Amino acid sequence: MGFPKAHLTVDGLPAAIHQARTLTAVCESVLVVAGWNATGLQRHASERIKVIASPHWWREEPLESVRRGLKALPDGDVLILPVDAPAPTMTALTRIANASGTAVPFYEGARGHPIKLAHELREHVLSKPAPAGLRNFLTDACRVEVEDAGVLLNLNKPATWARWIRFRSTTYTLSAIPKSQGTEVEPHAQRTTQ
């Protein structure tokens, strides 16, 4: 994208915090697992949104950040959403969160995000080898069909970011946070309401 994706802001907030606030509609609490800039994101933490550091994020696979988040959360189901995959519509989020067991959203046959990981799989994710990352644990996941193409988005390019903003609303204010404030993050996990 030319600069770190997480340096983008939505309505004056780092993208990860904007996503976290969106997810609080279906989650009891939200945990952001952040890279080198955890301190920069912690100032946006609240009673329901926590930020923890992933100190080795640059040399680890994304699954290690997911594992770090699972260890920090109380037992229960979680939604997992990478920072470069925007939170979908409330309708899609609710369908995913309310799905039975582990669930993956699909739009027109393509797999998307966020992924719901059932509490029964937590120990497997925490302890089993996973050469293909989190996908190793999703072979029996419930397929949740949604009518939100946003579940497929990956905000890796400026054009994709602009398309997401147009798709969602014209009310978002876009900007970039100076690198010195740091908002580079890895995936984060959210605990769903039981």
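Of G101, G76, which residue is small (G, A, S), farther than 17 Å from T139 by Cβ, surrounded by fewer than 19 Cβ atoms within 10 Å (Cβ to Cβ) and in contact with a Lys or Arg (Cβ under 9 Å, 6 or more places away or on another chain)? Show your work before the answer.
Details: G101 fails: farther than 17 Å from T139 by Cβ.
Going through G101, G76 in turn, the sole match is G76.
Among the criteria (1) hydroxyl-bearing (S, T, Y); (2) over 20 Å from N156 (Cα atoms); (3) within 15 Å of the chain's Cα centre (by Cα), the one T89 does not fulfil is (2). Among the residues of segment 22-50, those that are within 11 Å of the chain's Cα centre (by Cα) and closer than 14 Å to A87 by Cβ comprise T22, L23, V30, V32.
Picking from residues in segment 123-133 that are in contact (Cβ under 8 Å) with a residue 40 or more places away in the chain and under 30 Å from A149 (Cβ atoms), the one that is surrounded by the most Cβ atoms within 10 Å (Cβ to Cβ) is V125.
Apart from one condition, K116 fits all of (1) without any contact (Cβ under 8 Å) to a residue 24 or more places away in the chain; (2) basic (K, R); (3) surrounded by 16 or more Cβ atoms within 10 Å (Cβ to Cβ); the exception is (1). A single member of L81, L41 is in contact with a helix residue (DSSP H, G or I) (Cβ under 7 Å, 6 or more places away or on another chain), closer than 20 Å to L152 by Cα and surrounded by 20 or more Cβ atoms within 10 Å (Cβ to Cβ), and it is L81. Would you say R67 is under 23 Å from R122 (Cα atoms), surrounded by fewer than 20 Cβ atoms within 10 Å (Cβ to Cβ) and at pLDDT 85 or above? No; evaluated as a whole, the condition is false for this residue. With respect to being touching a helix residue (DSSP H, G or I) at 6+ places or on another chain (Cβ under 6 Å), within 24 Å of H119 (Cβ to Cβ), among the hydroxyl-bearing types (S, T, Y) and touching a residue at least 60 places away in the same chain (Cβ under 8 Å), S54 fits the description.
The condition of being out of contact with any Leu (no Cβ under 8 Å at 6 or more places or on another chain) and under 25 Å from I17 (Cβ atoms) holds for only one of P86, P82, that being P82. Of the residues making up segment 110-137, those that are under 20 Å from P82 (Cα atoms) and outside any helix (DSSP H, G or I) number 12. In segment 138-161, of all residues being of a type in the set (A, V, I, L, M, F, W, C) and in a helix (DSSP H, G or I), the one that is farthest from I96 (Cα to Cα) corresponds to A159.
Does any residue of segment 112-122 turn out to be over 13 Å from the mean Cα position of the chain (by Cα) and of a type in the set (A, V, I, L, M)? Yes: segment 112-122 contains one or more residues that are over 13 Å from the mean Cα position of the chain (by Cα) and of a type in the set (A, V, I, L, M).
Counting residues in segment 15-29 that are out of contact with any Asp or Glu (no Cβ under 9 Å at 6 or more places or on another chain), more than 21 Å from T160 (Cα to Cα) and assigned to a strand (DSSP E or B) gives one or more.
The values are calculated or read from the model by the stated rules, or taken from the named source; none is laboratory data. Keep in mind that this is a model prediction, so the values were computed, not measured. Note: ideal-geometry Cβ built from the backbone for every residue, glycine included; neighbour counts use all protein chains shown.
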